[in-house]
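The values are calculated or read from the model by the stated rules, or taken from the named source; none is laboratory data. Treat the numbers as computed from the prediction; the structure is a model and nothing was measured. Counting neighbours? That spans all protein chains shown, and the Cβs are built from the backbone with ideal geometry, glycine included. Note: accessible area is taken over every heavy atom of the protein model, side chains too, but ligands, DNA and RNA are not part of it. Shrake-Rupley method; radii C 1.70, N 1.55, O 1.52, S 1.80 Å.
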Amino acid sequence: MKKNTPISIQRILVFLCLFLLNIGFSQKQDTRTLFGKPMNSGNINPNNGYIRCSSIEYEHFLQEKDPKRLKEDQFENWLNPLIAKNKASQSNLKTAETIIKIPVVVHIIYNGEAIGVAPNITDAQVISQITVLNQDFRKMLSTPGFNSNPVGADTEIEFVLAKVDPNGNPTNGIERVNMGQPSWDDLSIESIVKPATIWDPTLYMNMWSIDFTDNSLLGYAQFPDASGLGGLNSSGGTANTDGVVSSYDVFGSNDFGASFLLAAPYNKGRTMTHEIGHFLGLRHIWGDGTGDEDTNNPDCTATDYCADTPQAGWEHYSCGTFDTCPSSPSNDMPENYMDYTNDTCMNIFTLNQKGRINTVMTNSPRRVTLKTSTKGTAIPLFVNDAEVKIETDYNLVNVSDCASLPAPTNKKITLANRGTANLTSSTINYSMNGGANQIHNWTGSLAPNETTIITLTNTASYGILSTSIVTTNGTIDGRISNNSDSESFSPLNYTFTNFVFNLQQDFWGDEITWDLKDSSGTVIYSGGPYPGKHSEVLPLPTLLTQNWTLTNNQCYTYTIYDSQGDGICCGGGNGYYNIKSTDGLTTIATGANYGTIESRQFTTYTLGNKEFGLSEEIYLYPNPTKGIIHLNFPNEYGLPKSMTLTNSLGQTLNQIEVSSEADLKINISTLSNGIYFITVTKEDHSKTLQFIKN
């Protein structure tokens, strides 16, 4: 089968086949969705089917989740007077003090692959992306980011990989997270990936490099918000999802490495330039109007609120000279970073766009604090400094009720060199569930900031793993604050019994079967094989959706099979499956690229009290955290009655009676590293939230 063609080659082959057959991608028949809504055909490149940007759809998704979040017109009404005020106070003189340096952390989400194997991109590919951002936002001379346009602007924004992590330890600003599955859909990224990996968004700009289940999607960003400012009744946006997401194969530029995992024509790093423009408050240059090039029906009324970006009637996918709104002065500006053109075309931010960016950076929550963050400034380093972190196991089941359990798996740890000398040896102690101490002697060669994965033997599937570094390069380690880690490998349990199952087949449905079994092995639900289209021509088969009503206090196993051993991700149409809560806010399992068989287990143990109805608005941040955890509790609920802090063994550590908003800020700095839970109670309602202390 051709379905397992590597993703970057696959995109090229699909494009060539469609071109030769002269059939293209029909925008009208595309059945894909973004954040639970049908695709806007204007977002889909008619030449190759790529989705250049889904930030607008994402913003509407956030607005639906939080009715108090500023709508576009409210944001502009707040921003425009501030732009005028900011412009009047600006000086034309550039000094070192006027340059804003934003600390960046890049979370590389992968599935156990070696570094350099998709989607686990190399450090060099990440660094190339940061280089491109600085060329573009600073309009650097003699780089692709330079332009001679009289309205072209140096935004005076720079990006630097973080030098200090949330625990105060040295870092290179690149975090690799093995999250236990090969690809992620948009809603799962929001509900699982981001909250589990985000660093404090008031101190870091968070970027995620990821393998989208829909591999035609390139990226999206969270717009800034204006909550907390005088006279505005608005929310602060979603703190635990704030940042920028990109497909791994458009993250970086092949100008700096021919072997990078990049796919033309989006291989020059401009996807992130575009999305960070949204993160800093910029709109698409055509104003996201209703213009339609297919019917030659431009919308010349929508605006991006920047007078020096000429009015455009619709988005552009190629360079050239266009005048879609002849009644407005000047030709369109397809070379603007906020259009949809190919990477090689883009090379300009304008003066008015700079004004918006600077105003957002001066006024918007979680943007203004980035200006003063010191996380991009290096701290003193030791000669010998090794760091150890335990890899989280994301494929856990409940040990107490499953009929058959997987064999014990040896846990993995990441060993990083944070010192100035090469790391050649390290002695590591570890124990499982407080048992006998065991020793792992590692030898090798790691340059500064390089990492390696170590498999520890004789570790159980479940319980608490504790690790600590004893010696580094045969001597005492110079920094003790990053020498130990502990992880509780807890079961995946859900406190509800109604689920929604979605299956988007690829074009080979006759290869696919699946079933859901309970603890006794009885098949509760099943499906397939399905009719096979055997042609990589859109549209895909209709999305299959089932509502599952399961039994309380049971363990369930979902298994999907492919008789040809190549899953459903790569048949030219981006198949996938997922199991979610009925409101779509909790993802139990999702997958696509699984080979012959893939199984996921979960349990349904309910809490004694009812869950809050609007549970998605109650969350903890930052998560993970080192010392302080905040509870976001919507004002319409009033204050909760109490909060109970427990560890992974169910032991109560603290009972907090809530009398004011100050009680929603909890100091957990004295806790050892691991997984903890806070149960929030109000009247006969409760919600249990998990967080990581590191």
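Out of the residues in the range 384-421 that are of a type in the set (D, E, K, R), out of contact with any Lys or Arg (no Cβ under 9 Å at 6 or more places or on another chain) and in a loop (DSSP other than H, G, I, E, B), state the one that is modelled with the lowest pLDDT. My answer is 401. Restricting 369, 424, 362 to residues that are at pLDDT 95 or above and either open to solvent by less than 10 Å² (accessible area, probe 1.4 Å) or β-branched (Val, Ile, Thr) (or both) narrows the list to 424. Looking only at the range 247-268, filter to residues that are open to solvent by less than 10 Å² (accessible area, probe 1.4 Å) and out of contact with any Leu (no Cβ under 7 Å at 6 or more places or on another chain); which one of those is farthest from residue 188 (Cα to Cα)? Once the filter is applied, the top-ranked residue is 253. State all residues of the range 252-301 that are among the basic types (Lys, Arg) and modelled with pLDDT of 95 or more; if no residue qualifies, say none. The answer is 268, 270. Out of all the residues in the range 505-517, is one or more of a type outside the set (Phe, Trp, Tyr), part of a strand (DSSP E or B) and open to solvent by 50 Å² or more (accessible area, probe 1.4 Å)? For the range 505-517, residues of a type outside the set (Phe, Trp, Tyr), part of a strand (DSSP E or B) and open to solvent by 50 Å² or more (accessible area, probe 1.4 Å): present. Please go through the range 540-550 and give me each residue that is surrounded by fewer than 11 Cβ atoms within 10 Å (Cβ to Cβ) and not in a strand (DSSP E or B), ordered by number. Answer for the range 540-550, where residues must be surrounded by fewer than 11 Cβ atoms within 10 Å (Cβ to Cβ) and not in a strand (DSSP E or B): just 542. Summed over the range 114-126, residues that are open to solvent by 10 Å² or more (accessible area, probe 1.4 Å) and in contact with a Gly (Cβ under 8 Å, 6 or more places away or on another chain) total 2. Within the range 337-359, the residues that satisfy the criterion of being in contact with a Pro (Cβ under 9 Å, 6 or more places away or on another chain) and open to solvent by less than 50 Å² (accessible area, probe 1.4 Å) are 340, 341, 342, 343, 345, 346, 347. Annotation note: Cβ proximity below 6 Å between a residue of the range 335-353 that is within 18 Å of residue 44 (Cα to Cα) and a residue that is among the aliphatic types (A, V, I, L, M) and open to solvent by less than 40 Å² (accessible area, probe 1.4 Å) (sequence gap 6+ or interchain) occurs for 337/346; 338/282; 338/285; 339/285. On the basis of being buried (at least 18 other Cβ atoms within 10 Å of the Cβ), at pLDDT 95 or above and of a type outside the set (Ser, Thr, Tyr), does residue 375 make the cut? Here the answer is yes, as residue 375 does meet what is asked. For beta carbons closer than 8 Å, sequence separation of 6+ or different chains, a first residue in the range 157-177 that is within 25 Å of residue 358 (Cα to Cα) and of a type in the set (D, E, K, R) and a second that is assigned to a strand (DSSP E or B) and open to solvent by 40 Å² or more (accessible area, probe 1.4 Å), the qualifying pairs are 158/101. Residues of the range 551-595 that are farther than 20 Å from residue 513 by Cα and either open to solvent by 20 Å² or more (accessible area, probe 1.4 Å) or of a type outside the set (S, T, N, Q) (or both): 551, 552, 553, 554, 555, 582, 583, 584, 585, 586. Within this structure, residue 644 fails the test of being open to solvent by less than 80 Å² (accessible area, probe 1.4 Å), in a strand (DSSP E or B) and at pLDDT below 80. Of the strands (runs of 3 or more DSSP E) lying entirely inside the range 435-480, those containing at least 2 residues that are in contact (Cβ under 8 Å) with a residue 60 or more places away in the chain and more than 30 Å from the chain's Cα centre (by Cα) are 463-472. Residues in the range 283-302 that are hydrophobic (A, V, I, L, M, F, W, C) and either within 25 Å of residue 193 (Cα to Cα) or in contact with a Ser or Thr (Cβ under 7 Å, 6 or more places away or on another chain) (or both) were compared, and the one that is least open to solvent (accessible area, probe 1.4 Å) is 285. Of the residues making up the range 651-659, none is outside any strand (DSSP E or B), at pLDDT below 80, out of contact with any Lys or Arg (no Cβ under 6 Å at 6 or more places or on another chain) and within 30 Å of residue 61 (Cβ to Cβ). Restricting attention to the range 209-245, the residues that are within 16 Å of residue 102 (Cβ to Cβ) and modelled with pLDDT of 90 or more add up to 5.
Put simply, of 260, 322 the only residue that is out of contact with any Lys or Arg (no Cβ under 7 Å at 6 or more places or on another chain), within 21 Å of residue 149 (Cβ to Cβ) and either not basic (Lys, Arg) or not in a strand (DSSP E or B) (or both) is 322. Pairs are defined by a Cβ separation below 7 Å, a sequence spacing of at least 6 or placement on different chains, a first member in the range 519-540 that is under 30 Å from residue 553 (Cβ atoms) and in contact (Cβ under 8 Å) with a residue 60 or more places away in the chain, and a second member that is outside any loop (DSSP other than H, G, I, E, B) and not basic (Lys, Arg); the pairs so defined are 519/555.
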